[in-house]
Amino acid sequence: MSRLCVALALFGLAALLVGLTAGPDVAAQPRRKGTPKVVAAPPVAAPEPPATDPATMKVAKGFKVELLYSVPKTQQGSWVCMCADPKGRLIVSDQYGALYRVTPPPIGGKPGDTKVDQLPGIGMAQGLLWAFDALYVVVNAPDKSGLYRVTDTDGDDIPDKVELLRAFDGGGGEHGPHAVIPHPDGKRLTVVCGNQTKLTKFDTTRVPPVWGEDHLLPRLPDGNGFMAGVLGPGGAIYNVTPDGKTWELYSVGFRNQYDAAYHKNGDLFTYDADMEWDFNTPWYRPTRVCLVTSGSEFGWRNGAGKWPAYYPDSLPPVLNIGPGSPTGVCFGYGAKFPQKYQDAFFMCDWSYGKLYAVHLRPEGSAYTAAAEEFVTGTPLPLTDLVINPTDGALYFTIGGRKTKSGLYRVTYTGEGAANPPKIITVTDAGISEAARTTRLRLESFHTKIGDPAVDAAWKELDTKDRFIQYAARVALEHQTPDLWAARALVEKDPAKAIHALLALTRVSAPDPSHRKQTDPPADPALRAKIVDALGRIEFAMLADEQKLDLIRVYHILFNRFGKPTEAETKAAVAKFDPVFPDKNRFVSGELCQVLIYLDAPTAAAKTMKLLRDAPTQEEQLEYARALRVLRTGWTPELRTEYFTWFLKAANYAGGASFGGFLRLVKQDAVKTLTPQEVAALNPIINAAPGSVKLPEDEPRPFVKAYKVADLAPALEKGLKGGRDFDRGRKLFAAAKCFGCHRYDNEGGAHGPDLTGVAGRFGPRDLLESVIDPSKEISDQYAAVEIRTTDERVVVGRIVNLNNDEVSVNTNMLDPGSTVKVDRKLIDSMKTSKISMMPAGLLDTFAEDEVFDLMAYMLSRGDRTGPMFKK
């Protein structure tokens, strides 16, 4: 491949680690009436390179991708959103400019027949929808962000009247207002806003309006100061009447969900963004698919304050995807595709150039899911997609951030294409799972109802279905506390008591960071009653999930009601100190926060032991963060060990904010020292990394250069009976697996998430992938080999592009280990046949240790399953 071709192929590269949900940043175009403007082709004297060739893409079997239109960037910009009008035409928007109406050729026609007309009056959209005989436009631009309605007043087929229905505060950036979609009731719209859009005024709310930060210990802001001071509840989703006058707040707690789509049964789904600067911290949350239920909260908070998925006052995702930049989504309804893909939830990842087909399966009142890479390419900065009901094809756009843009069409040409299956419509939905019916009934009580709502909710507070339990608590919070507070305080069932007391705590006192001057002070008498009721719950008898729920109630109670009395403090310490630490590391992490908040005498020593023994940097950082505010219980030796840890942590790798987080933790810890302690610890506090000799882990001796045949015969038998899963986790860390892979909500994000590996691999297949990682390499994690004219060879994953400079990550263990390559000097680029995962990771393990490691990796959620039984 020539240098020129490679340079053009890299232009607009999608494999960026910087998160994007493309957001316009310029003022709206002046409203203009008249015939649409037909835009001329780009000047012959300065031709632009075409958009990515579909021949270079990997496409699901039986499907065909056509490039219908390569957008001339200098004239029509970079397209970021799209919808279909009633005539089957597409309406698209330049991120920084006008709207265009695209008439695609018939299927089988020539792409050159694609017609593009500029529409007058409005632009810079990130949401487009044709509904109620109007074009609805969500503009994201400084001082012009809002929901607009555009109509054709004179019947000439050109929308000419622009009405602002609702202005938004906070638009113009990439986390502002985004999509508008039709509500399945046929009477409303649904509007999607990112976390830099301030909550707009709402008339009703499904979300109990008692949200808060709800951190027991002071929150760490972002290590680089991003969105510092921005409080929850983050990104929000609203239901809106067509005239834009009545707004219902439906869900909150997102980071930056760009789009959303309704399942045929009426359930709402979205694809939320991660914060890639949080890589390798305990608060990193991957991009994820969320079932957006009535009154839901998904726990985004700024900096290190993001709620873990197990918090009972939030909901977990249906599926974690990994690093990426979520953009447009839609279901396949109306597509002339096989049934599997009609039912799929399609979603775009801008940064890694992947169009996913997510296959949902009902589970309880919610869903589980699996993601399939439907279309992938480089560069392929996907921005939006739509099923055109006129021709049954899927259309998608690429572009954003002024990258090269294009319009593509996906059709099915495989087996049975001549006789496509029946197209499933929303009205054909026939799913009526009993559990889902229960959830929906509880959601109907997400307004003031009275005693019937209380009775219905109470029955489900102890269910193991997270979504039903959440819906029940939200129903309770919508009712007047006088109807149920006394019942909560005397409830004897532990599970019901925990969630009833959580509800009572939330509705009885505001979070301090959200307190208004008109709010009455928290009632210490009620706090005492809640503390007494919580104290009657026997901690040791609870399952791990219930322990986490109970501790969370204490977090919110002490945060909202303030410091407990001396007697309440003694009672809480007496309850939790004997059971700390717990065998579950997440329970220990939550318990240590309570004990540190209460200045428990043993908190320093016990938590330092956990820090000392923790096998992963995420777990270590969790304890170091909590200890930073503790003033009591320290000995000089413990203080020395704590501050020495920062010298060790300086060698850890993470996202762009990782170093800043460490700096902030250390700064807060120094503030807790007395002048005498500062003087004594000054040599360590001010020591430069590497200047102090630290204890080194004893190197593991070489055992054997294993081959699959050495271990496979004994593997199945070796997994059965008596496997040490805790040792397996430590070996997972010793083999550096956590450096690249996430497992059970900890670890790196540059390799595949291995949490669900048992569902994808058998024991032998997993063993083979570890011993011989280059035998089969996922396209998503393949490296490239770049050769330059100055005789350099660079092997790694392309992670960024800035003008003519390509950044290549050459070490997956360190997200910051990048090499810069000048595009103009590239002579050739090809996919590397060598995996970035090193071989020989097991060569220092005894056979018994290998089996513990394999058992740990295969055990997620099933440590008593048949695989491990004798």
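The values are calculated or read from the model by the stated rules, or taken from the named source; none is laboratory data. Note that this is a predicted model, so its numbers are computed, not measured. Note: ideal-geometry Cβ built from the backbone for every residue, glycine included; neighbour counts use all protein chains shown. In case anyone asks, the SASA skips ligands and DNA or RNA and just uses the protein heavy atoms, side chains included. Shrake-Rupley method; radii C 1.70, N 1.55, O 1.52, S 1.80 Å.
Please give the contour-minus-distance gain from Ala605 to Arg663: 0.36 nm per residue of separation, less the Cα-Cα distance, rounded to one decimal in nm.
Result: 18.6 nm gained on full extension.
Give me the three principal axis extents of the chain from the C-alpha atoms, as integers in angstrom, largest value leading.
78, 71, 58
Which order do the peptides 250-258, 724-732, 180-188 come out in when sorted by mean C-beta neighbours inside 10 angstrom, highest first?
Ranking, from highest mean packing down: 250-258, 724-732, 180-188.
Taking the Cα centre of region 179-289 as origin and charging only Cβ (+1 Lys, Arg; -1 Asp, Glu), how large is the dipole, in debye to the nearest 20?
260
Return the sequence-ordered ³J(HN,Hα) values of region 302-315 in whole Hz as given by the Karplus equation 6.51 cos²θ - 1.76 cosθ + 1.60 applied to θ = phi - 60°, using x for Gly and Pro.
5, x, 7, x, 4, 6, x, 5, 7, 4, x, 8, 9, 10
Tell me the Kirkwood hydrodynamic radius of region 222-295 in angstroms, computed as one over the mean inverse distance between distinct C-alpha pairs.
Evaluated over region 222-295, this radius sits at 14.2 Å.
Return an integer: the convex hull volume of the alpha-carbon atoms of region 155-240, in Å³ per residue.
Cα convex hull per residue, to the nearest whole number: 145 Å³.
From Cα pairs below 8 angstrom and at least 6 apart in sequence, can you work out the relative contact order of region 160-217, rounded to a whole percent?
30
Run the simple label-point estimate for Thr674 and Asn686 please: 7 Å along Cα→C-beta, distance reported in nm.
2.2
Where the centroid of each part is defined by its Cα atoms, how far is region 645-722 from region 44-80 in Å?
Measuring centre to centre over Cα atoms gives 46 Å.
Given the rule -39500 (n - 2.57) for each run of at least 4 DSSP H residues, summed and divided by the residues of the chain, what is its mean residue ellipticity at 222 nm, to the nearest 500 deg cm²/dmol?
When only DSSP H runs of four or more count, the value is -8000 deg cm²/dmol.
Which whole-number percent is the relative contact order of region 635-775 (Cα, under 8 Å, 6+ apart)?
After rounding, I find 18 percent.
For region 520-647, take the convex hull of the Cα atoms, compute a quarter of its surface area, and give me that in nm², please.
It is 8.4 nm².
Find the all-direction average of the projected area of the Cα convex hull for region 462-527, expressing the result in square nanometres with one decimal place.
Averaged projected area of region 462-527's Cα convex hull equals 5.2 nm².
When you count, for each residue, the other Cβ atoms within 10 Å and take the mean per peptide, how do 62-70, 447-455 rank with the highest first?
62-70, 447-455
In whole Hz and in residue order, list the ³J(HN,Hα) couplings for region 462-470 that follow from phi through the Karplus curve 6.51 cos²θ - 1.76 cosθ + 1.60, θ = phi - 60°; x for Gly and Pro.
9, 5, 8, 7, 4, 6, 5, 4, 5
For the chain, which whole-number percentage of the solvent-accessible area (1.4 Å probe, protein heavy atoms only) is attributable to carbon and sulfur atoms?
Summing carbon and sulfur atoms, their accessible area is 54 percent of the total for the chain.
Pairs of alpha-carbon atoms within less than 8 angstrom and 6+ residues apart define the contacts here; what relative contact order does region 48-157 have, in percent?
17
Quick check for me: using +1 on Lys/Arg Cβ and -1 on Asp/Glu Cβ, what's the dipole size of the chain about its Cα centre, in debye to the nearest 20?
Magnitude of the dipole: close to 200 debye.
Using a Cα-Cα cut-off of under 15 Å, which aspartates and glutamates could be cross-linked to Lys161, ignoring same-chain neighbours fewer than 8 residues away?
Cα-Cα hits under 15 Å: Asp133, Asp152, Asp243.
What is the Cα radius of gyration of region 321-418 over 2.2 N^0.38 Å, N being its residue count?
Compared with the compact-globule rule of thumb, region 321-418 sits at 1.10.
As an exercise, take the mean of 1/r over every pair of distinct alpha carbons in region 67-125, invert it, and state the Kirkwood radius in angstroms.
11.8
Expressed in nm², what is the orientationally averaged projection area of the convex hull enclosing the Cα positions of region 116-169?
3.9
So what J values fall out for region 343-352 if you push phi through Karplus, 6.51 cos²θ - 1.76 cosθ + 1.60 with θ = phi - 60°, rounded to Hz, Gly and Pro as x?
7, 6, 9, 8, 8, 9, 10, 5, 6, 9
Enumerate the amide H contacts of Ala179 below 5 Å, restricted to partners 5 or more residues apart or on another chain; note that Pro and chain-start residues carry no placed amide H.
Those lying under 5 Å, H to H, from Ala179 are Val192.
So, for the chain, what is the accessible surface per residue at a probe of 1.4 Å, expressed in square angstrom?
40
For a 30 Å ceiling on Cα separation, which of these pairs sit above it: Lys306/Lys609; Lys563/Lys666; Lys402/Lys820; Lys736/Lys824?
Violating the 30 Å Cα-Cα cut-off are Lys736/Lys824.
Given the whole protein assembly as supplied and a 1.4 Å probe, what does the accessible area of Trp645 come to in Å², nearest 10?
So the heavy atoms of Trp645 present about 20 Å² to solvent.
Hey, what D do you get for region 645-687 in µm²/s if you plug the Kirkwood alpha-carbon radius into Stokes-Einstein at 25 °C and 0.890 mPa s?
Calculated translational D: 218 µm²/s.
Can you give the translational diffusion coefficient of region 253-355 in µm²/s, computed by Stokes-Einstein from the Kirkwood radius over Cα pairs at 20 °C and 1.002 mPa s?
In µm²/s, the coefficient rounds to 149.
Of the listed peptides 502-510, 678-686, what is their order by residue-averaged count of other C-beta atoms within 10 Å, with the highest listed first?
For the peptides 502-510, 678-686, the packing ranking is 502-510, 678-686.
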